[in-house]
Amino acid sequence: MAEVTITPGRAWPVDVSAFVMAPDFSAMVPKEVVFVFSNSEAGVEPMRRKAALRDGAWRSEGVILPLPGQWQLRVDVLISDFEMVKLQEAIEIAP
């Protein structure tokens, strides 16, 4: 599971951070985390942004979300060389 924060939560550049946890809420350090944003209603195909681990959180800064509205956010978590988990949720981006 992942606790994701999007700052400032409005259209254009945003910073995305995620704390990744095991199902029992214990800390987990995956090999890689990638944020994938899409907005099919607006015709925006999936945009992949690789995250970097800093201070215990996976971060990607300056991600451009050009339109307000409902977006799909998928977090691809590479747990090992052979296991990946994909977490997905709808998010609302303000104007």
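Which one of the conditions (1) under 9 Å from the mean Cα position of the chain (by Cα); (2) surrounded by 14 or more Cβ atoms within 10 Å (Cβ to Cβ) does Met84 fail to meet, given that it meets all the rest?
Answer for Met84: the failing condition is (1).
Filter segment 25-42 down to the residues that are of a type in the set (D, E, K, R) and outside any strand (DSSP E or B), then identify the one that is nearest to Gln88 (Cα to Cα).
Ranking the candidates gives Glu41 first.
Filter segment 33-47 for residues that are exposed (fewer than 15 other Cβ atoms within 10 Å of the Cβ) and in contact (Cβ under 8 Å) with a residue 24 or more places away in the chain; which is nearest to Leu87 (Cα to Cα)?
Among them, the one singled out is Pro46.
Taking only segment 39-74 into account, find how many residues are in contact with a Leu (Cβ under 9 Å, 6 or more places away or on another chain) and closer than 16 Å to Val4 by Cα.
Keep residues of segment 39-74 that are in contact with a Leu (Cβ under 9 Å, 6 or more places away or on another chain), which gives 39, 42, 44, 47, 59, 71, 73-74.
Remaining after also requiring closer than 16 Å to Val4 by Cα: 59, 71, 73-74.
Residues flagged as in contact with a Leu (Cβ under 9 Å, 6 or more places away or on another chain) and closer than 16 Å to Val4 by Cα within segment 39-74 amount to 4.
Which residue pairs have Cβ atoms under 7 Å apart, sit 6 or more places apart or on different chains, and have a first residue in segment 54-66 that is surrounded by 14 or more Cβ atoms within 10 Å (Cβ to Cβ) and a second that is outside any strand (DSSP E or B)?
Trp58/Ala51; Arg59/Ala51; Ser60/Ala51; Leu65/Ala11
Any read-out appearing in this document is the output of simple, stated calculations on the displayed coordinates, not a laboratory observation. Given the structure is predicted, the values throughout are model-derived calculations rather than measurements. Glycine also receives a Cβ, built like all others from the backbone with ideal geometry; neighbour counts cover every protein chain displayed.
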